[in-house]
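Have a look at the structure below, then the notes.
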Amino acid sequence: MAVAAGRLRGVRPLPIAPAGSRPVAPGVDFLESAEGGSVFLWGMAAWCWSSSDVTARRLAAVQLVGSKAASRRAVAEAFGVAEPTMWRWQSDYAASGVEGLAPERKGPKGPSKLTAEKRDEIRALREEGLSLAAVAARAGVSTDTVRRALAEVPAPAAPAEESGRSVLEPLARPEPRVAERQAARCGGLVEAPPVITEGASLPLAGALLILPALAATGLVEAAEGVYGKARAAFYGLLPHSGVPPYFGKWKEYRNFIQVMHDCKAIQSYKDIYWDIRPRPDVPIDVLV
């Protein structure tokens, strides 16, 4: 492009320059706005850059000088820099390529190490009413580090266990009661008292909150009037009634249904009468 641009000196330029542009040399026009800029050669855009791309703007200036289409002094004047600055841009480009034209990073060259002591110091200075800039100057860090230190909230300390009281386990699993369930399957056990499992978080327990709303609507009384009283929801320790076992995944529930079907205990999932029963077509059934 450099040779071609240099030979175009003898060609008659286009009669109309781009609107708003200013001439740099014969056939070379410079146009820049708040959104970015462009350099035109004989009416055609040869270099373009956005307002935030400083590297591309410097590259356009360096390559324009290298193309011999305009002098170094004319290009420096068009780009609003001194001629020694153009010399430096050309030297940086010759030594490091496009990376040499990138602006140097301002502020610290590496990330600040925000230690616990420095964080406490920053917070103490901020509590004195100092501005972010003043805190950064006193602590010897950048304002970004000050913002990061103030934004970080220390994790609350775990509450001390009260004397004589045990802490509830999150997502506590119910008692397995394997032996009793096997006895119920064999017909050796018909009824057994329920065992309540306490936990800090019990999956699906929130579904029971719908029961007061159902009672308030009168739906339960209407169902009893139409269908008669429902049978008890708890049938002892039979595996297809009462309190459901724990399933961590939907696949585990499907495997359980398949085993029950293979053992001839049920014909389909509809024969499961748990207090809370998952279904494939709706999220959950609550037996009232």
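The values are calculated or read from the model by the stated rules, or taken from the named source; none is laboratory data. As the structure is a computational prediction, the values presented were derived from the model and not from experiment. Reconstructed Cβ throughout: ideal geometry from the backbone, glycine too, with neighbour counts over all protein chains shown.
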Near pairs, Cβ below 7 angstrom, 6+ apart or cross-chain, from segment 194-217 (over 17 Å from E175 (Cα atoms) and in the same structural domain as G248 (by TED's automatic domain parsing)) to any residue that is modelled with pLDDT under 70 and loosely packed, with under 12 Cβ neighbours inside 10 Å:
A207/I284
Among the residues of segment 73-82, is any closer than 30 Å to E35 by Cα, of a type in the set (K, R) and either modelled with pLDDT of 85 or more or not assigned by TED's automatic domain parsing to the domain that holds F30 (or both)?
yes
Give me the residue from segment 1-45 that is of a type in the set (V, I, T) and farther than 18 Å from A78 by Cα and, out of that set, modelled with the highest pLDDT.
I16
